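Below is one structure; the comments refer to it alone.
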Amino acid sequence: MKIVYNETFKSELKAILTYIAKDKPSASLNFKNKLKEYINKIPDNPFKYRVSFYFDDKNIRDMTFKGYTIVYEINIEKECIEILRIFNKNKP
């Protein structure tokens with residue numbers, strides 16, 4: 001399965017990385033690289049993570065990573081996984 005990043009995810013990730021980099025730029029880069037590793041493992045077992053708490057659809061899943069929630073949709077017909085959102089529910 002192919003991984004597709006939507007614009008909302010890209011924008012949210014950029015904001016998170018900018019925030020982390022203010023304190024420690026190397027931590028920002030490390031966060032991005034580790035997150036990419038986790039996301040790249042999703043196609044191996046796309047239904048591994050819980051059904052999304054935020055959507056009523058069994059094909060939308062929530063993956064947690066270092067306190068952040070990554071929401072993705074499994075599209076069987078298009079044979080792709082779309083990464084929809086990333087957020088920390090404890091931060092505005």
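The values are calculated or read from the model by the stated rules, or taken from the named source; none is laboratory data. Remember, predicted model here, so these are calculated numbers, not experimental data. Neighbour counts run over all protein chains shown; Cβ positions are idealised from the backbone, glycine included.
Overview of results
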| item | result |
| --- | --- |
| In the stretch 16-28, the residues that are within 16 Å of Ile86 (Cα to Cα) and either modelled with pLDDT under 95 or surrounded by 12 or more Cβ atoms within 10 Å (Cβ to Cβ) (or both) | Ile16, Leu17, Tyr19, Ile20, Ser28 |
| Residues that are of a type in the set (Lys, Arg) and surrounded by 11 or more Cβ atoms within 10 Å (Cβ to Cβ), drawn from the stretch 1-13 | Lys10 |
| Matching residues, the stretch 53-92, being more than 11 Å from the chain's Cα centre (by Cα) and among the aromatic types (Phe, Trp, Tyr) | Phe53, Tyr54, Phe55 |
| Neighbours by Cβ (under 6 Å, 6+ apart or cross-chain): first from the stretch 18-46, among the hydroxyl-bearing types (Ser, Thr, Tyr); second surrounded by 15 or more Cβ atoms within 10 Å (Cβ to Cβ) and part of a helix (DSSP H, G or I) | Ser28/Leu17; Ser28/Ile20; Ser28/Ala21 |
| Qualifying residue in the stretch 67-77 (condition: of a type in the set (Gly, Ala, Ser) and either surrounded by 15 or more Cβ atoms within 10 Å (Cβ to Cβ) or not in a loop (DSSP other than H, G, I, E, B) (or both)) | no |
| Subset of the stretch 34-80 (residues that are hydrophobic (A, V, I, L, M, F, W, C) and either touching a Gly at 6+ places or on another chain (Cβ under 8 Å) or within 21 Å of Leu17 (Cβ to Cβ) (or both)) | Leu35, Ile39, Ile42, Met63, Phe65, Ile70, Val71 |
| Residue in the stretch 51-58 that is buried (at least 17 other Cβ atoms within 10 Å of the Cβ), assigned to a loop (DSSP other than H, G, I, E, B) and touching a Lys or Arg at 6+ places or on another chain (Cβ under 7 Å) present | yes |
| Test: residue in the stretch 83-91 that is free of Cβ contacts under 8 Å to residues at least 12 places away in the same chain and either over 18 Å from Lys2 (Cβ atoms) or of a type in the set (Val, Ile, Thr) (or both) | yes |
| One residue from Lys10, Lys36, Lys14, Lys32 being in contact with a Leu (Cβ under 9 Å, 6 or more places away or on another chain), in a helix (DSSP H, G or I) and among the basic types (Lys, Arg) | Lys32 |
